Amino acid sequence: MSLITVEVEALLYLFAAVMFIMALKGLSSPKSARRGNLLGALGALVGIVTVFLAEELHNVGWILLVIGVGSIISVPASRMVKMTQMPQLVALFNGVGGGAAAIVALLELRAANTPGFLIAVAFTIFIGSVSFAGSVITFAKLQEMMTTRPVIFAGQRYVMVILAALTLAGAVLVVLDGDLLIATLLLVVGLAMGLLLVLPVGGADVPIVISLLNAMTGLAVAASGLVLNNTLLLVAGTLVGASGTILTRAMAKAMGRSVNNIIFGAFKGGSTAGSTEISDRPVKSGTAEDVAILLGYAQKVVVVPGYGLAVAQAQHTMYELAKALEEKGIEVVFGIHPVAGRMPGHMNVLLAEANVPYEVLQEMDEVNPQFKTADVCLVVGANDVVNPAAKTTPGSPIYGMPILDAGDAKQVVFLKRSMRPGFAGIENELLYEPNTTLLFGDAKETLSKVLSAVKAI
């Protein structure tokens, strides 16, 4: 029995939908991202409450139990996860969303009564399972539970073709017969397809894949809205799918290649495997005092932050160093690559956490012309986003990816733990240039030493 009228239900769903739209608007800028998240959460809460008020639910006890168990698991997990591990959390939770949509569609198959309903069911099962399996592999790559390099095997492309044919046949049979066994097999094929889609993706392209899988989950949720006859799910899923698709295209453009090449590029051969070996080639290393002198007597410094900065939790120390340099009359800007970190916007969030002013965070197209006038480029925990191989080595996994032109600066300083290659698994020739100085050690510790030395100048 419904506790609210149809009109009130519609108004509540409309309110929730507006909150989702405003959330996307808020997420378009770091300044308003926190507010955007809160608005999105409010919309989701209103939507859930509306379902309980408007629908005649069965097994309410089981539903509340599942909600409780999910909350008990997710809330502590979210609080415990470090900012550096946020991409893994996003990938995992995104996969759970896709998997949930697939399972719901499978369970609703018995209620199918129209061809349109069956089409929505088949679509949700397949896309949701692809998103789940792909997100699990993405999580494993990000967490370094498996190699971050492309994983391919002989005949892989033919297996993909066979799976595609099975997908088409399975979807047709589900629409024609609505058979539960066939639908279950379609789900299994979708899981296999998700695995094989993400395995060939190299580490440098993982941020794009996160966005792509997010879009796929959104589409699965939208289709589940048709399956469940729920307008809010349809609206929310469509918004996520559309925004994820736009973001994926934008990120792929920033990488300098198509989504198709990102997903299937490893099949073309070449030196896509990269290497995790630590090089023993000679480099010019320095001390914190050496780096402090370079920075303290510069007129302009460009800072290129990367994932290593986040791992060391050095963003606060980095900003203190930037302020110390500015007090000496030195211009400091931060060059942000679109795929710096492990997911879109990851580096912006990390620096915002340290209260770095948005005005000094400059995107790639804006900061690249400034490297030629910079006295020092300070690269902190970044590698692939400044690697010249993206321009000079056709067989490289990152070839074609636009990079920050750090090598154009008069002096380049790298803060690194070791000579281990970056996430893409390839060596950076910029490390061996005569104008490059390396400062080895934990980023937070070395930056603290550099900061003390700068203040002493």
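For F126, F93, F153, what's the fewest-to-most ordering of other Cβ within 10 Å of each Cβ? Each step should come with its number before you reach the end.
Details: F126 28, F93 16, F153 9.
In order of increasing Cβ crowding within 10 Å: F153, F93, F126.
At 0.36 nm per residue, and after removing the present C-alpha to C-alpha distance, how many nm does the segment from F52 to V283 gain when stretched out fully? Write out the running numbers ahead of the final one.
On the way: separation 231, 0.36 × 231 = 83.16 nm, distance 6.46 nm.
Fully extending the segment from F52 to V283 adds 76.7 nm.
Working note: Cα atoms of region 326-434, range along each principal axis, descending, whole Å: 42, 31, 28.
Based on the mean of other Cβ atoms within 10 Å per residue, sort peptides 13-21, 428-436, 62-70 so the most packed one is first. Walk me through the numbers on the way to the answer.
Working: 13-21: 18.7, 428-436: 16.9, 62-70: 11.0.
Top to bottom by mean Cβ count within 10 Å: 13-21, 428-436, 62-70.
Cross-link partners of K31 among lysines, defined as those whose alpha carbon lies under 17 angstrom from its own and excluding same-chain residues fewer than eight positions apart, are absent.
Could you list T248, T114, T238, T287 so that the one with the fewest beta carbons within 10 Å of its beta carbon is first and the one with the most is last?
Numbers: T248 23, T114 8, T238 18, T287 14.
Neighbour counts put them in this order, fewest first: T114, T287, T238, T248.
Taking every DSSP helix (H) stretch of at least 4 residues in the chain, weighting each as -39,500 (n - 2.57) and dividing the sum by the residue count yields a mean residue ellipticity at 222 nm of -19000 deg cm²/dmol. For V6, neighbours were defined as the other residues whose beta-carbon sits under 14 Å from its Cβ, and their charges (Lys and Arg +1, Asp and Glu -1) total -4. Please label the shape of region 1-112 as rounded, prolate or oblate, based on the square roots a ≥ b ≥ c of the eigenvalues of the alpha-carbon gyration tensor (a/c under 1.5 means rounded; beyond that, a/b larger than b/c means prolate, else oblate). Note, shape of region 1-112 comes out oblate.
How high is the relative contact order of region 125-212, given as a whole-number percent (alpha carbon pairs under 8 Å, six or more residues apart)? Let's see the in-between values first.
Details: 89 pairs, mean separation 45.9, N = 88.
Once divided by the residue count of region 125-212, the mean separation gives 52 percent.
I want the local charge near S29. Using Cβ-Cβ distances under 15 Å, sum +1 for each Lys or Arg and -1 for each Asp or Glu among the other residues. Within the 15 Å Cβ shell, the charges total +2.
Find out how many positive minus negative residues lie around A389, taking Lys and Arg as positive, Asp and Glu as negative, among other residues whose Cβ is under 14 Å from that of A389. Mind showing how you got there, number by number?
Numbers: positive: K391; negative: D384, D405, E427, E429, E433.
That sum, taken over residues with Cβ under 14 Å, equals -4.
Only alpha carbons enter this Debye calculation for region 379-440, each as an equal point scatterer, and the log10 of I(q)/I(0) it gives at q = 0.25, 0.27, 0.28 Å⁻¹ is -1.10, -1.26, -1.33.
Counting only whole DSSP H helices of the chain, the ones at least 24 Å long by C-alpha along their axis and with mean Kyte-Doolittle hydropathy no lower than 1.6 are 6-26, 60-80, 86-107, 115-142, 156-177, 180-198, 206-228.
Across all Cα pairs in region 81-268, the calculated P(r) in 5 Å bins from zero up to the longest distance comes to 1, 9, 16, 20, 20, 16, 10, 6, 2, 0 percent per bin. Pairs of Cα atoms nearer than 8 Å and 6+ residues apart set the relative contact order; for the chain it is 15 percent.
Of the three principal axes defined by the Cα atoms of region 130-203, the extents in descending order read 42, 24, 12 Å.
Our summary gives region 288-456 a relative contact order of 30 percent, counting only alpha carbon pairs under 8 angstrom and 6 or more residues apart.
The count of lysine pairs in region 288-456 with alpha-carbon distances below 14 Å, taking only pairs 8 or more places apart or on different chains, stands at 8.
We did not get these values from a lab; they are worked out from the coordinates using the rules stated. Small disclaimer: the values here were computed from a predicted structure and weren't measured. Counting neighbours? That spans all protein chains shown, and the Cβs are built from the backbone with ideal geometry, glycine included.
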